[in-house]
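K.L.:
Dropping a structure here in structure tokens format, bear with me for questions.
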Amino acid sequence: GEDVEQSLFLSVREGDSSVINCTYTDSSSTYLYWYKQEPGAGLQLLTYIFSNMDMKQDQRLTVLLNKKDKHLSLRIADTQTGDSAIYFCAQKRSWGKFQFGAGTQVVVTP
Amino acid sequence: NAGVTQTPKFQVLKTGQSMTLQCAQDMNHEYMSWYRQDPGMGLRLIHYSVGAGITDQGEVPNGYNVSRSTTEDFPLRLLSAAPSQTSVYFCASSNSRGGSYEQYFGPGTRLTVT
């Protein structure tokens, strides 16, 4: 089937920028999402981007979309310890159907 | 609004037992989904619904049944539990209003099958 792939782990120093990468295969996806999961909790939407956009900025978060390469990235500026979590990339498939990557564990060190 | 609620939070079953995981949302969302989360595999879609009375299979539907008799409720039934169904189960809802189809997730049910 159509896959969403992410690297599994990222370590970053507090105050640095984090960049989490994702590749997807379904070029018909209209929306792509980034979710955050803290330990023991459900997923929370961080941001999303519509497929006709190249970039979206929301405070410390910047999403870049390269449709030609089917590559999505999430940049977190000035990373804080509270940003330690698992980050999931997801694509909208058909009506009501979404596909998620395996998640990237981000560890922020002092 | 309570958002998406799931019960129970934790459950231990013996192989062969059946049970129903409950999910409810109070946001009048059209779409509801069930996922399971396993280490290193992310979230995999079990079943989903695009409205009351309409359900469809996801990636890993075997061993699970769903029904959607109301907009609010979307229970997941395990017919005969197996150790391979040990996982964390998440229910989510979304709608098409505003166009982003943002999904709201419940807190999850941690299921262990022995």
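K.L.:
Would you please give the FRET efficiency between A:ASN21 and B:PHE10, computed as 1/(1 + (r/R0)^6) with r the Cβ-Cβ distance and R0 = 30 Å, to the nearest 0.05?
P.N.:
0.30
K.L.:
Per-residue Cβ counts within 10 Å, from other chains only, averaged over B:38-51: what number is that?
P.N.:
Shielding by partners across B:38-51 averages 4.
K.L.:
At 4 °C and a viscosity of 1.567 mPa s, what translational diffusion coefficient does Stokes-Einstein give for region B:51-93, taking Rh as the Kirkwood radius over Cα pairs? Give it in µm²/s as a whole number.
P.N.:
After rounding, the answer is 111 µm²/s.
K.L.:
Still on this structure, please answer the following. Provide, as a two-decimal number, the C-alpha radius of gyration of the protein assembly as shown over 2.2 N^0.38 Å, N being how many residues it has.
P.N.:
Its radius of gyration relative to the 2.2 N^0.38 Å reference: 1.02.
K.L.:
Also, quick follow-up: For all pairs of alpha-carbon atoms in region A:1-87, what percent lies in each bin of width 5 Å, listed from the first bin to the last filled one?
P.N.:
With 5 Å bins starting at 0, P(r) equals 3, 13, 25, 25, 20, 10, 4, 0.
K.L.:
Are any of the pairs A:LYS67/B:LYS9; A:LYS92/B:LYS14; A:LYS92/B:LYS9; A:LYS36/B:LYS14 more than 30 Å apart by Cα-Cα distance, and if so, which?
P.N.:
Pairs exceeding the cut-off: A:LYS67/B:LYS9; A:LYS92/B:LYS14; A:LYS36/B:LYS14.
K.L.:
For chain B, give me the percentage of DSSP beta bridges that are antiparallel, rounded to the nearest 5 percent.
P.N.:
If we restrict to bridges inside chain B, about 90 percent are antiparallel.
K.L.:
If you don't mind, there's one more thing I want to ask. For A:LYS92, A:LYS68, which order do you get if you count the other beta carbons within 10 Å of each Cβ and list the fewest first?
P.N.:
Ascending Cβ contact count within 10 Å gives the list A:LYS68, A:LYS92.
K.L.:
While we're looking at this one, here's another question. Given 10 Å bins starting at zero, what is the percent of C-alpha pairs of region B:1-77 in each, up to the one with the largest pair distance?
P.N.:
Using 10 Å bins, I get a P(r) of 17, 50, 29, 3 for region B:1-77.
K.L.:
Arrange A:LEU72, B:LEU76, A:LEU10 by Cβ neighbour counts within 10 Å, fewest through most, would you?
P.N.:
A:LEU10, B:LEU76, A:LEU72
K.L.:
Looking only at other chains, what is the average number of their beta-carbon atoms within 10 angstrom of each beta-carbon in B:99-108?
P.N.:
Per residue, the number of nearby Cβ atoms from other chains is 6 on average.
Coordinate-derived values only; no laboratory data. All values derive from a computational prediction rather than experimental measurement. As a convention, Cβ positions derive from the backbone with ideal geometry for all residues, glycine included, and neighbour counts pool all protein chains shown.
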